[in-house]
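Note sheet for the following structure.
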Amino acid sequence: MNAVVIIPTYNERENIPPLVDALLRHGGVRVLVVDDQSPDGTGAVADEAAHTYPGRVDVLHRTTRRGLGRSYIDGIKRAIAGGADLICQMDADFSHDPACLPDLLAAAANADMVIGSRYVPGGSVVNWPQHRLLLSRFANMYVRAVTHLKARDCTSGYRCWRREALASLPLDDFVSDGYSFLVEMLFIASRQGRRIVEVPITYTERREGQSKMSRTVILESAITPWRLIATRRTSRPTAR
Ligand SMILES: Nc1nc2c(ncn2[C@@H]2O[C@H](COP(=O)(O)OP(=O)(O)O)[C@@H](O)[C@H]2O)c(=O)[nH]1
Ligand SMILES: [Mg+2]
């Protein structure tokens, strides 16, 4: 197996060393940290991890405008250029359990895109305050209602893609640059007729560091589904 896990980071210095240790226990897995010049020095901590695990940890230090979507675009391009067969996405904060990674990787044998899902049978959310859970449940209902996506967890950031499916997304034409990027990826993959499956995960609220969820993020997430259905009616797979 030849898999890369892309981890976007902004102020995650406490999380990166234990997360990298946990992920690299799985054979055939490499890690790509995409850091946005975190003021807390996450970039340097990730460089140390790269030094500890030569050839298995790579760090992309972004210097242009920060953003989750932009970070993923740069990371995905690097992962594809690096020849990975399976490319995963996960948060740095341990809300996505590294122990679930083999389930996602295994499910990619019969799917183009695998979603680590909180909202399928067997999935769950631990330690989230009521308002955060309601926001997430509402966001999913909203996205599904507007876009007609079938997935139960359209906003999950724990995912595994087969390389071809990811490489055929028109990354340079994406309309969202924040968290909505995740919904846009799923929407386009679905329009392209990709096989999308969900595997249950237990999502646990972060213990270290702080969430970057903000009003701007929520506003962009409210608008994006409408923009997607307005501008993406004709998306078809593009051979790359
Ligand atoms: N590179 C990069 N990573 C980001 C940015 N914003 C958030 N992240 C990372 O994206 C992941 C999810 O963010 P988080 O704050 O945990 O959001 P939440 O889980 O929705 O509360 C974490 O790994 C963050 O460090 C950003 O602007 N740039
Ligand atoms: Mg988080």
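Read-outs throughout are calculated quantities, based only on the coordinates presented, and are distinct from any laboratory measurement. None of the values given here were measured: they were computed from a predicted structure. Please note: Cβ atoms are built from the backbone with ideal geometry, for glycine as well, and neighbour counts cover all protein chains shown.
Taken as Cα centroids, the stretch 64-118 and the stretch 178-192 sit 13 Å apart, rounded to the nearest whole angstrom. 3J(HN,Hα) along the stretch 204-213: 10, 4, 4, 9, 10, x, 10, 5, 9, 4 Hz, from the Karplus curve 6.51 cos²θ - 1.76 cosθ + 1.60 with θ = phi - 60°, whole Hz, x for Gly and Pro. Working note: Karplus 6.51/-1.76/1.60 with θ = phi - 60° gives the stretch 167-178 the couplings 5, 8, 6, x, 4, 7, 9, 5, 8, 9, 10, x Hz, where Gly and Pro are set to x. Remark on the chain: ratio of C-alpha radius of gyration to 2.2 N^0.38 Å is 0.94.
Taking amide hydrogens as placed 1.01 Å from N in the peptide plane, the amide H of residue 152 sits under 5 Å from that of no residue at least 5 positions away in sequence or on another chain. The shape of the stretch 1-109 can be summarised by an equivalent ellipsoid whose semi-axes, obtained from the alpha carbon gyration tensor, come to 20, 15, 13 Å from longest to shortest.
Based on DSSP loop calls and a cut-off of at most 15 other Cβ atoms within 10 Å, the longest stretch of the chain free of exposed GluC sites (Glu not before Pro) is what? By the stated rule (loop sites, at most 15 other Cβ atoms within 10 Å), 1-204. The Cβ shell under 13 Å around residue 118 holds other residues with a net charge of -1, Lys and Arg each +1, Asp and Glu each -1.
For the stretch 57-147, build the convex hull from the C-alpha positions and give me its volume per residue in Å³.
167
Taking amide H positions as modeled 1.01 Å from N, with prolines and chain starts lacking one, the residues under 5 Å from residue 7 and 5 or more places away or on another chain are 32, 33, 34. Per residue, the convex hull around the alpha carbon atoms of the stretch 131-223 comes to 124 Å³. Comparing mean-square fluctuations of 207, 25, 215 from a GNM of the chain with C-alpha springs under 10 Å, the top value falls on 215. Only beta bridges with both residues in the chain are counted; by DSSP, about 25 percent of them are antiparallel.
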